[in-house]
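Step one of this worksheet: look at the structure below.
The values are calculated or read from the model by the stated rules, or taken from the named source; none is laboratory data. These figures come from a predicted structure and were not determined experimentally. With ideal geometry, Cβ positions are generated from the backbone for all residues, glycine too; neighbour counts draw on all protein chains shown. These area figures cover heavy atoms from the full protein model, side chains too; ligands, DNA and RNA do not enter into them. Shrake-Rupley method; radii C 1.70, N 1.55, O 1.52, S 1.80 Å.
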Amino acid sequence: MAFALRPLINRGLDAHDIAAELHSWWLDWRPARPAAYIKAELERRGERETAVAHAGVRPPEAFCRAVTDLRIAVDGHSGREAPAVADGLVCVIDGLSSAEVVELRSAAAVDHGLVLAALENLGERVTRRLYTNRLVDTVLLREFGGVHMVVGC
């Protein structure tokens, strides 16, 4: 078992931290070979995090400007999304290159805070268009637990 937990031990986690990490995986079944499962899961999570090294990468400038414009319009419309600005943001999203979209989605797959911030600042329709329904639903499920039903997307 210590061999399987070595990556967590090397990060400086103690027994309580390791237990909390393993508990956060939300397993509702018991693996037949726990050490093998833990080793494989840690490798999978490590590969995903290293494959998406997004630290320090900023979104494209046009995207940042559109988000700023949307925030200004939303503040002026008592918290409701301004349709003209939201449509403009959709146009900006459509104008992103496929590499930029992949970069934004990859970053959001690792850092769920990006999706939550987009939901808060851009609205659900634009966020789902940028990050896909599947990623948004996954983030909402993991962050809030249970089923999150969305009406009128």
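Remarks
- Sorting the segments 98-109, 128-139, 19-30, 35-46 by their residues' average number of neighbouring beta-carbon atoms within 10 angstrom, most packed first, yields 128-139, 98-109, 35-46, 19-30.
- 15 Å cut-off, amide nitrogen to a point 7 angstrom out along Arg45 Cα→Cβ, residues in segment 1-18: 4-18
- Label-point gap, in nm, between Asp137 and Arg11 - each point 7 angstrom along Cα→Cβ: 2.8 nm
- Sulfur and carbon atoms: percent of accessible area, segment 90-134 [1.4 Å]: 52 percent
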